[in-house]
Structures are given as structure tokens and as C-alpha cells.
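A.B. asks: First the structure, which I've put down as C-alpha cells, then a few questions once you've had a look.
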Amino acid sequence: MGTRLGAHVFLDEGDHFLQFVKQYGVNDVMGMYRHNPAYQRTATPLAVEAQGPYWEVRDLVRFRERCAGVGLRLLGLENPVPPSCFDHVILGLPGRDRQIENFLVTVRRMGEAGLTLLGYNWMANPPGVKRYSHRTSATATGRGGATITAFDQEVADALPLFRGREYTDDELWENYRYFIQAVIPVAEQAGVRLAVHPDDPPNGRLGGIPRLFSTVAGHERALAIAKSPASGLNMCLGNWTAMGVDIPAAIRHFGARGQIVYGHVQGVQRRESGFRECFLDEADCDFPAIFRALADVGFDGVMIPAHSPVTIQETPAHHIGLSYGFGFVNALIKASA
Ligand SMILES: [Mn+2]
């Protein structure tokens, strides 16, 4: 009960990665699309799409049992399919009904496998861009020479259109309504809660595509459309910091209505034209006040430290940054309990 430490798991790092997060005090974890055997068997997301980019019950159960083997509870999946298997939904392109139907299959099968949380986002990523997809730099320099990512709106404004034309806010809202109204009854039935990630970066428009989840009002509007306890938020603190809003107030607002499903913890510093990532202790947000607000609204879920500055001797799976994050968040949880 209450706020708990969570983690993303990376099965391809081996079972010792699961044990590593367990050692740092994590009990609850979230999986991702890259663990879907259908995805791992193929070289390209398009090939996955041809096979049907949804999860089978047996693969979900196997995943859950592998986590349970080291004492971890698999809560659910975040971004269960690659962006290329969901983008027609966001942009309202031909083929979106098939992508939605595949999404619904995953929701049903998660319910059958006893997984209750499904994180998703509403970003139409430019094709071919992978990790930290919407940074303008992945090689900026942070404290002590650590490598950090950064976003500069002026650089982003010079990018070509991602999808060949400008999309309107109305279009994307209508596409969102179409999607969420199809999913909610199925999610309710399956006992699965959806959590939408803020747009990353939370700017108004990128590559000609509006960013619906970049303001408090946008989140509010989306939840009002869904009107269901099965629809909630992934409180990604890095992006909420980049929005420049009063985060404890937002937590009290949404949390009092039980709409915060889980969250991410990242450090972000705002800059004149964008932001840069940083260590948690130097972030432009009041973490103690944020975790107090979570406790005050009776939040019952996980907060997941994720990517962090890359220091000397960091590993490919970011063990060093993660262990710093686990310790930082664990202390915040203890101090706010
Ligand atoms: Mn996040």
C-alpha cells in the first residue's frame, strides 16, 4: 500500500538484472514491448505488425513467472507494442482499426494473465528514432562531465515535418476519443488500468504534430473523455517538471480523484528554450513536496526511476544511474510515509 519503489525490467539483460533491482528494494516492475517474443523474433517492427503485435497469454505468464522467480511482481506493461504498431491510431490513418483491435487483444490477455497496469503514450514518433526519441542532443554535458540528454525548442522548430503535413489539435483529439472510447469498456472488463505518459518533450507541437499531453488542461480533457477509473495518468516527473507547472498541486488535483496510476522519476532542469536532464538532486522540482503530496492523496502505486545521466563506469543497462535513482526514491518514500 502507499507509494512504492518500482522499476522497468529488461529481460534481455538476463535474470541477474531482475535480481539487481530486487537487491535495491524493488518489489514491483513493469515490462515493455521489447520483451514480447513476437518482437524479439523479428528484425523489424513491421514484421511484428505482420505477425500481429499483441501479447499472447502464455508469453505474459512466462514473463510474470520469470519475475516472480526472484520475488518481483510484474504489474503490467508499458508501451506494449512498438510505436510503428500504434502510430496509425494516433494519426487516424488507414489501418488504425486493426492496430486498435490488436491493442484490445493485449488488454484482454493481460487481464487473463493477471497484469493490471498498461502504460501508453500519445506521441507519433518520427520513424526510425529510438531511445530518447525527442531530444535534440543525447551527448550534452552535465555535472562533472556526465553525459546527459537535452531538448532545445529552437532546434526542434527547424525539423522537417514528421508525417508529411501539419496535423491539427482537433484531429488528434478526435483520434484520441476514437481510441479511448474503444478501449475503456474492454479495459474495465479485463481489470486493466490505462496510464497515459505525458508528451516527451511536453511542448505544444513537434514535427507538425500537436502534443496533447503537454499541459494540465490536456490531461484533464483526456480523462474527461474517458470518464472511467480504468483511465489514468503516468505521472512522469521529468516531463511534468519540463512543463513548468506546480507538480504537488497537480498531484493533489488528479490524485484526490484516484487518477494517478503510477509514475516515473527523472531529473530535469528547465532552460530558456527547452530543458536538460540532470541528476535527481539537482532537478528543478521539489521532490520532497511531490512525494508528500502523493502520500497526502493516498496514492497507492509505484514510482519508477528511469534514465539518468551517464557517468564514468556506467553499464549498458545503466546499473549505476538506476541504483542512485532507487536509493533516492526509496528515501523520498520513507521520508513521506
Ligand atoms: Mn517518463
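The values are calculated or read from the model by the stated rules, or taken from the named source; none is laboratory data. None of the values given here were measured: they were computed from a predicted structure. Using ideal geometry, Cβ is built from the backbone for each residue, glycine included, and neighbour counts are taken over all protein chains shown. We work out accessible area using only protein heavy atoms, side chains counted, and drop any ligands, DNA or RNA first. Shrake-Rupley method; radii C 1.70, N 1.55, O 1.52, S 1.80 Å.
A.B. asks: Using label points projected 7 Å from each Cα along Cα→Cβ, tell me how many nm separate E65 and T215, to one decimal.
C.D. replies: Result: 5.0 nm between the two label points.
A.B. asks: Compute the Rg to Rh ratio over the chain from the alpha carbon atoms, using the Kirkwood formula for Rh, and round to two decimal places.
C.D. replies: Across the chain, the Cα-based Rg/Rh ratio is 0.93.
A.B. asks: What value, in deg cm²/dmol to 500, does the helix sum -39500 (n - 2.57) over DSSP H runs of n ≥ 4 give at 222 nm once divided by the residues of the chain?
C.D. replies: Estimated from H runs of four or more residues: -12000 deg cm²/dmol.
A.B. asks: Show the residues, 5+ positions off or on another chain, whose built amide H is closer than 5 Å to the amide H of D28.
C.D. replies: A7, R73
A.B. asks: Report the full-extension gain for the segment Q19 to A158: residue separation times 0.36 nm, less the Cα-Cα distance, to one decimal in nm.
C.D. replies: Here the answer is 45.6 nm.
A.B. asks: Hey, rough spin-label estimate for R98 and T147, points 7 angstrom out along Cα→Cβ, what's it come to in nanometres?
C.D. replies: Each label point lies 7 Å from its Cα, and together they span 3.8 nm.
A.B. asks: Before anything else, pin down the relative contact order of segment 189-239: Cα pairs under 8 Å, at least 6 apart, normalised by residue count, whole percent.
C.D. replies: Working: 55 pairs, mean separation 25.0, N = 51.
Across segment 189-239, relative contact order equals 49 percent.
A.B. asks: Evaluate the relative contact order of the chain (contact order divided by residue number), counting alpha-carbon pairs under 8 angstrom at least 6 apart; express in whole percent.
C.D. replies: In percent, rounded to a whole number, it is 18.
A.B. asks: Share of the chain's accessible area from carbon and sulfur, percent, 1.4 Å?
C.D. replies: 52 percent
A.B. asks: Still on this structure, I have one more. Sorted from largest down, what three extents in whole angstroms do the Cα atoms of segment 80-214 have along their principal axes?
C.D. replies: Taking the Cα atoms of segment 80-214, the three principal extents are 48, 37, 23 Å.
A.B. asks: Here's something else I'd like to know. Post the alpha-carbon centroid distance, segment 199-257 to segment 66-110, in whole angstrom.
C.D. replies: A separation of 20 Å, based on Cα centres.
A.B. asks: If you take the square roots of the eigenvalues of the alpha-carbon gyration tensor of segment 197-292 and sort them as a ≥ b ≥ c, do you get rounded (a/c under 1.5), prolate (a/b over b/c) or oblate?
C.D. replies: oblate
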